[in-house]
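**Student:** Here it is, the structure, as structure tokens.
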Amino acid sequence: MNLRIIGRSSPYAGPGEAAIGYVVENEGGHIMLECGSGVVAKYLERYNLAELKGVIISHLHPDHAADLFPLGFALQHAVMQDLRKEPVALYLPPGGVDAFNTVLDCFGNLQRHYAQVFTYQEYGADREISIGDWKVYFNKVYHGVNCHGVVIEGNKGQRLGYTADTKMGSGLELFFQGVDLLLCEATVDSKEQAQNTNHLTPEEAGMLGSAAGVGHLVLTHFLPGTDGEMKRSLAARHFSGKLTVAEPDALYCIGER
Ligand SMILES: [Zn+2]
């Protein structure tokens, strides 16, 4: 299976970029992981909504969820064009369905329209779900809102870990132990900022990658204009394995066991 970077920018999409969005794909289709501002237009450059098996949102901040609104309209359009018939399963954190519907109401009577293209499901930390061939596991993380890290396991045992947004703690090392690829936020520059904003520094990302023994560490979630090489070199002080800075449109193969 592969991981595609659609966008890595936060908290907003810089020029020519998208905010946070990823695709996990195999020969049978794909999952959208996060749907931040600007993601849908970038996603549609490469992907067909007919092959979309599910959408997973870690938390309801705009850099991770704002493009659910255009995604709903794009799905409606796909149905009108006979590209797909079935609604898409939208996986939200606990409490997310009511919150999303409340926001939809603010934009007029959109609940009815979106109910035709999405089936809503809330996941919990103790729940395993299946999407197509994939098994998906969740782990609650510390981000000041209801936010979950994710492990997605392919049908050959290959595993992708995704921290979402979090500060250190909450059993991250255990949850991501031995994953083939860890997509890890490395948002802020100092430990103080990390504590105050509930994010990770690149050094902490490197430490987490080492403690969890991950095969490939990919850093993401950057302010537009960030020096990615600087982030990489800081993380490399604590992680000696394969280390990459997420670039828009990059594709990473996730190892098979
Ligand atoms: Zn974020």
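The values are calculated or read from the model by the stated rules, or taken from the named source; none is laboratory data. From a predicted model like this one, the values you see are computed outputs, not experimental measurements. In this analysis, Cβ positions are derived from the backbone assuming ideal geometry, glycine residues included, and neighbour counts consider all displayed protein chains.
**Student:** Can you tell me which residue in segment 38-65 is farthest from the ligand (Cβ to nearest atom), limited to those that are surrounded by fewer than 22 Cβ atoms within 10 Å (Cβ to Cβ) and in a loop (DSSP other than H, G, I, E, B)?
**Tutor:** Asn48
**Student:** Follow-up question, since we're still on this one. Among the residues of segment 180-232, how many are assigned to a helix (DSSP H, G or I) and within 16 Å of the ligand (Cβ to nearest atom)?
**Tutor:** Selection size over segment 180-232: 8.
**Student:** Residues to consider are Gln158, Gln116, Gln111, Gln195; find the one that is in contact with a Lys or Arg (Cβ under 8 Å, 6 or more places away or on another chain) and either modelled with pLDDT under 95 or within 16 Å of His64 (Cβ to Cβ) (or both).
**Tutor:** Answer to the selection: Gln195.
**Student:** Please go through segment 210-257 and give me each residue that is charged (D, E, K, R) and either farther than 21 Å from Asp165 by Cβ or touching a residue at least 60 places away in the same chain (Cβ under 8 Å) (or both), ordered by number.
**Tutor:** Glu229, Arg237, Lys242, Glu247, Asp249, Glu256, Arg257
**Student:** Which of the numbered conditions does Cys35 fail, given that it passes all the others? Conditions: (1) among the hydrophobic types (A, V, I, L, M, F, W, C); (2) in contact (Cβ under 8 Å) with a residue 24 or more places away in the chain; (3) assigned to a helix (DSSP H, G or I).
**Tutor:** If we test Cys35 against (1) among the hydrophobic types (A, V, I, L, M, F, W, C); (2) in contact (Cβ under 8 Å) with a residue 24 or more places away in the chain; (3) assigned to a helix (DSSP H, G or I), just (3) comes out false.
**Student:** Mind listing just one residue for me: the one in segment 1-30 that is in a loop (DSSP other than H, G, I, E, B) and in contact with a Cys (Cβ under 9 Å, 6 or more places away or on another chain) and, of those, farthest from the ligand (Cβ to nearest atom)?
**Tutor:** My answer is Met1.
**Student:** I've got another one for you. Which of the numbered conditions does Tyr123 fail, given that it passes all the others? Conditions: (1) away from the ligand (no atom under 16 Å from the Cβ); (2) at pLDDT 95 or above; (3) surrounded by 17 or more Cβ atoms within 10 Å (Cβ to Cβ); (4) within 16 Å of the chain's Cα centre (by Cα).
**Tutor:** So Tyr123 meets the others, but not (2).
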